[in-house]
Amino acid sequence: MLLSVLKFAAVSAGSTLLIALGLIVTQRPHQTAANGDSGLDFSETLARDYGEVAPTVPVRMRDGYALQIRRYGASGREDVPLVVLVHGSGWHGLQFHALATALASNADVVVPDLRGHGAAPGRRGDVDYIGQFEDDLADLITDQARKGQKVVMVGHSSGGGLVVRMAGGAQGALMDRAVLLAPFLKHNAATTRRNSGGWARVLVRRLIGLSMLNAVGIRALNHLKIIQFNMPPAVLDGPLGDTATTAYSYRLNSSFAPRSDFLRDVAALPPFTLVVGAQDEAFVAEAYAPLMRSVTGAGQYHVVPNVGHLGIVDAPQTLNFIQEAINAVRQ
């Protein structure tokens with residue numbers, strides 16, 4: 001009897017492995033994900049003047065990696081919080097330059113280029129293991145925050161999803177308040193449009209196969225790409241084109257989003273403010289409040305008229321809501 005059970009288990013495991021590998025090898029990344037219609041409006045991003053942006057400085061992570069950050073400071077004031085701005089998918093911390101500059105008189109502002117992104121990415125589009133972004137943000141806060149200093153985490157799009165993920169993990173106690181700008185919650189959340197409105201191209205078979213392998217503890221193929229972004233040619237051919245990231249590995253993509261049971265991560269958030277544009281191309285603005293209120297009463301929700309997904313970062317209302325969060329943790 002025992003031998004029969006063992007044989008059945010071995011056959012089942014072998015079948016699962018073969019199916020998973022079959023799904024993975026039968027789907028490869030496209031040569032390019034750009035199709036001329038990204039689903040996101042980068043016109044404001046391209047129009048910005050980056051001529052006076054301060055250079056990045058390195059902060060050493062626990063593995064020795066030099067995380068590149070920009071600092072926008074409040075001149076050593078002791079009464080201000082540390083504000084960490086976490087960028088969205090495919091881009092880097094420069095998206096926050098105007099916002100960080102506006103916040104600098106009332107906070108110590110730190111803007112990282114997450115590992116795998118920006119001008120000095122390490123391995124572009126990849127990390128070492130699932131959850132490394134949370135460890136990096138914890139190391140960054142530990143390095144930058146003064147003793148007893150309050151911490152406000154601000155994340156846009158996938159960066160907002162990372163803030164939610166961090167809240168539900170071992171590092172969640174490091175943040176005192178959060179501001180979520182059109183956050184990515186999960187591909188199957190009611191807030192997410194199909195393929196994030198045309199921005200993301202998911203390699204579905206490969207994703208399923210790698211998920212099957214990870215479910216049985218096999219992680220050797222987690223470096224494989226499973227998602228590509230429709231970054232417009234105007235961005236890729238422009239002066240910052242070499243800083244764009246157009247594809248993610250399984251382990252980076254998993255690290256950049258809440259866990260499978262994303263509502264558990266949402267429920268762990270500290271007091272937070274969610275801000276989204278009514279014209280968001282990637283997410284359904286009106287779906288956030290009912291979904292997230294089902295598990296937490298800690299949030300305030302604001303839909304900004306006539307603003308899209310990327311534009312929400314520089315909307316005047318966003319600056320005001322972050323200032324309110326800063327004032328709240330100073331009280």
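Computing FRET efficiency as 1/(1 + (r/R0)^6) for residue 16 and residue 204, where r is the C-beta to C-beta distance and R0 is 30 Å, gives about 0.95.
Residues of segment 169-248: accessible area per residue at 1.4 Å, in Å²?
Ligands and nucleic acids excluded, the result is 44 Å² per residue.
Taking 7 Å along the Cα-to-C-beta vector as the label spot, tell me the residue 101-residue 331 distance in nanometres, rounded to one decimal. Output for this residue pair reads 3.1 nm.
For segment 169-176, backbone phi angles converted through the Karplus equation (6.51, -1.76, 1.60; θ = phi - 60°) give residue-by-residue couplings of x, 5, 9, x, 5, 6, 9, 9 Hz, Gly and Pro being listed as x. Here the Gaussian network model covers the chain, with springs between Cα atoms less than 10 Å apart; of 66, 215, 287, 215 fluctuates the most.
Compute the angle between helix 316-330 and the longest alpha-carbon principal axis of the chain, please, reported from 0 to 90 degrees and rounded to the nearest 10. The helix 316-330 is inclined about 90 degrees to the chain. Per-atom-type breakdown for segment 180-331 gives carbon and sulfur 53% of the accessible area (1.4 Å probe, protein chains only). Round to the nearest 10 and give me the degree value, 0 to 90, for the angle of helix 2-25's Cα axis relative to the longest principal axis of the chain. The helix 2-25 is inclined about 50 degrees to the chain.
So with the 1.4 Å probe, I'd like the accessible area per residue for segment 64-119, rounded to whole Å². List each step's numbers first, then the result.
On the way: 1450 Å² over 56 residues.
Ligands and nucleic acids excluded, the figure is 26 Å² per residue.
Summary value for segment 214-253: 52 percent relative contact order, contacts being C-alpha pairs under 8 angstrom separated by 6+ residues. At the residue level, residue 71 shows approximately 130 square angstrom of accessible surface with a 1.4 angstrom probe and all protein chains present.
Remark: relative contact order (segment 155-242) = 23 percent; criterion is Cα-Cα distance under 8 angstrom and separation of 6 or more residues. The Cα center of segment 158-179 and the Cα center of segment 220-283 differ in position by 15 Å.
Relative to the dominant Cα principal axis of the chain, helix 204-215 is inclined by about 80°.
Here the relative contact order of the chain, from alpha carbon pairs under 8 Å that lie six or more residues apart, stands at 23 percent. Among beta bridges identified by DSSP and lying wholly in the chain, the antiparallel ones come to about 40 percent.
Quick one: go through segment 179-212 and flag any residue whose amide nitrogen is under 19 Å from the point 7 Å out along the Cα-to-Cβ line of residue 324. Only 179-183 pass the distance filter. Projected label points at residue 120 and residue 25, each 7 Å from Cα along the beta carbon direction, are separated by 4.1 nanometres. Applied to segment 50-66, the Karplus parametrisation 6.51 cos²θ - 1.76 cosθ + 1.60 on θ = phi - 60° returns per-residue 3J(HN,Hα) values of 9, x, 10, 6, 5, x, 6, 10, x, 10, 6, 8, 4, 9, x, 5, 8 Hz, with x for Gly and Pro. I'd like the antiparallel share, as a percent to the nearest 5, of DSSP beta bridges with both residues in segment 172-331. The antiparallel fraction comes to roughly 40 percent. Largest mean-square fluctuation among 15, 158, 260, in a Gaussian network model of the chain whose springs join Cα atoms under 10 Å apart, belongs to 15. Of the accessible area of segment 50-158, with the probe set at 1.4 angstrom, what percent is carbon plus sulfur? Carbon and sulfur: 51 percent of the exposed surface of segment 50-158. Once the chain from residue 278 to residue 43 is taken as fully extended at 0.36 nm per residue, the excess over their C-alpha distance is 82.8 nm.
The values are calculated or read from the model by the stated rules, or taken from the named source; none is laboratory data. Keep in mind it's a predicted model, so treat the numbers as computed, not measured. Cβ atoms come from the backbone with ideal geometry, glycine included; neighbour counts cover every protein chain shown. Heavy atoms of the whole protein, side chains included, go into the accessibility calculation; ligands, DNA and RNA do not. Shrake-Rupley method; radii C 1.70, N 1.55, O 1.52, S 1.80 Å.
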